[in-house]
């Protein structure tokens, strides 16, 4: 059965972005450090082999993307195609999209809540997993019970500031560890949300 999976790189102190995270500086200061584990030597493109290659292939095999408006707008909706293969992107928002989104036919704004957005994303994913992005979106998905799994790429760095992934949660949430892969660049931990 398809799962809704949050995929995020995070500093040891819980940050998914650095200070000064804004449209002109998506991810904030030092953001690249959180994703160095995924980059090929020299920083040109993504790794295709080893642990990183396997994990990135998993992300690329998801059938839809669910993301919050802030994240989507900061990266210009990934140019309308997150995977470069025609995967639909569902943006959770309380407001309609800006006019530039009309150029991206794969992007759908959902204004009637995260439960509806997730149902639409899962239907569009065609039996594949749904990639979930963003701190606020992850927190709301946990709150409403529509997030199934969490894949954290725990990077050995302390940011000391920025945007935390789980800064505001509605309650205590238990997780079951599914997999741990330790590398010098990051510890990759996959959890199932306990229901």
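The values are calculated or read from the model by the stated rules, or taken from the named source; none is laboratory data. Every value quoted in this text rests on a predicted model; they were computed, and no experiment measured them. Cβ placement follows ideal geometry from the backbone for every residue including glycine, while neighbour counts extend to all protein chains displayed.
The single residue among 56, 6 that is surrounded by 13 or more Cβ atoms within 10 Å (Cβ to Cβ) and in a helix (DSSP H, G or I) turns out to be 56. Within the span defined as region 33-42, every residue fails to be under 30 Å from residue 126 (Cα atoms), surrounded by 15 or more Cβ atoms within 10 Å (Cβ to Cβ), modelled with pLDDT of 95 or more and over 16 Å from the mean Cα position of the chain (by Cα). Restricting attention to region 180-195, the residues being in a strand (DSSP E or B) and either buried (at least 19 other Cβ atoms within 10 Å of the Cβ) or modelled with pLDDT under 95 (or both) number 4.
A count restricted to region 44-53 and to residues that are surrounded by fewer than 16 Cβ atoms within 10 Å (Cβ to Cβ), outside any loop (DSSP other than H, G, I, E, B) and touching a helix residue (DSSP H, G or I) at 6+ places or on another chain (Cβ under 8 Å) stands at 1. Would a scan of region 72-85 turn up a residue that is modelled with pLDDT of 95 or more, farther than 21 Å from residue 31 by Cβ and outside any strand (DSSP E or B)? No. Checking every residue in region 16-28 against the condition of being in contact with a strand residue (DSSP E or B) (Cβ under 6 Å, 6 or more places away or on another chain), assigned to a helix (DSSP H, G or I) and buried (at least 21 other Cβ atoms within 10 Å of the Cβ) gives zero matches. If the condition is being assigned to a strand (DSSP E or B) and farther than 19 Å from residue 181 by Cβ, then region 137-170 contributes 163, 164.
Being surrounded by fewer than 16 Cβ atoms within 10 Å (Cβ to Cβ), in contact with a strand residue (DSSP E or B) (Cβ under 9 Å, 6 or more places away or on another chain) and outside any helix (DSSP H, G or I) is the requirement here; does residue 177 meet it?
Details: surrounded by fewer than 16 Cβ atoms within 10 Å (Cβ to Cβ): yes; in contact with a strand residue (DSSP E or B) (Cβ under 9 Å, 6 or more places away or on another chain): yes; outside any helix (DSSP H, G or I): yes.
Criteria met by residue 177.
Can we say residue 67 is modelled with pLDDT of 95 or more, under 15 Å from the mean Cα position of the chain (by Cα) and surrounded by 15 or more Cβ atoms within 10 Å (Cβ to Cβ)? Yes; evaluated as a whole, the condition is true for this residue. Scanning region 86-112 for residues that are in a loop (DSSP other than H, G, I, E, B) and either surrounded by 14 or more Cβ atoms within 10 Å (Cβ to Cβ) or on the phi > 0 side of the Ramachandran plot (or both) yields a total of 7.
Against the list (1) within 18 Å of the chain's Cα centre (by Cα); (2) assigned to a loop (DSSP other than H, G, I, E, B); (3) in contact (Cβ under 8 Å) with a residue 60 or more places away in the chain, the condition residue 127 fails is (1).
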